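Notes to accompany the following structure.
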């Protein structure tokens, strides 16, 4: 497992070591010991979530605030997404900066999104399966978000505006 810190402190790309032969392939999705050695973070994931979406579905930008904040380890099981993390830690030198990466079933990359970050993704293929581990339980009352097309963030979501599909909830974010 290769761990690479992005320009957003505490946000890491994880590239697995894939073993393949004529039968198929194998890789370790997560190893707590290696992750801690490489990042200095002692993370305990307590909840795993998964979604399936058609091309153009944009989920985000969300986070939980305060004691209910969540760090996430996200990956694509099937298909492809553009994944985005936005640093909203007010004391951070990269406050309101974002990092985006393509995650797919082909590259098997993962992104670790620390607490204090908004997170979102857009599916680039039909029937995309997106999976993520969280280090805290979901708490509806602490959830906040920012609209995906916030002009100050200026995120390039790759797809045209008319191709983007959001939930009613995400459509009401400011």
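Each of 170, 91, 83, 150 has some number of other Cβ atoms within 10 Å of its Cβ, and from fewest to most they run 91, 150, 170, 83. Under the criterion of Cα pairs below 8 Å and six or more residues apart, the relative contact order for segment 45-171 equals 42 percent.
With neighbours defined as other Cβ atoms within 10 Å of a residue's Cβ, the residues 59, 75, 23 order from fewest to most as 23, 59, 75. Calculated [222 nm] ellipticity per residue, helices only, for the chain: -1500 deg cm²/dmol; basis is -39500 (n - 2.57) per DSSP H run with n ≥ 4, divided by all residues, nearest 500.
Values in this text are rule-based calculations from the coordinates and carry no lab data. Small disclaimer: the values here were computed from a predicted structure and weren't measured. Cβ: placed from backbone, ideal geometry, glycine included. Neighbour counts: every protein chain shown.
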